[in-house]
Amino acid sequence: QLLKRKHQEVIVDFQEQIEVLSKLKARSDKEKSKFQAEVYELIAQVDNLNKDKFLSIKHVEKLEVQITELNVRIEELNRTVIDITSQKTRISQENIELIKEVQDIKVNLENAIYLRTQLAGQLEDARRRAEDDER
């Protein structure tokens, strides 16, 4: 009977140990599943980050090409501005010279008109004198 009771106690003890181990295994399996899910989620996040990084690199490369093209365009426009400024300066100089020529021509024209008026007056005086002399 003692043996039977000892045997029974050992069986109960083993059953308790089995229960404890089963609970530990269940908890361990649950944590393993949880960690596995976290690993899959982290892998997915890393994949997404790698895709985003790749797209960002491509976008940066595209922007760098655009920046280079825009810098070339800016240089072209700067050269055009320099050319136009040079032309404007030359044309302004020509305009100043032409204005001076026009002013000189106006002065000469006014002098010619004045001389013509003087000569016309002298001619009229000479005609009157000639008419007076004829009478």
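The values are calculated or read from the model by the stated rules, or taken from the named source; none is laboratory data. It should be emphasised that the depicted structure is a prediction, and the values quoted were computed from it without experimental measurement.
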Q) Do we have Asp133 as modelled with pLDDT under 95 and in a helix (DSSP H, G or I) here? A) yes
Q) Leu77 versus (1) at pLDDT below 95; (2) within 22 Å of the chain's Cα centre (by Cα); (3) of a type outside the set (S, T, N, Q): which is the lone unmet condition? A) (1)
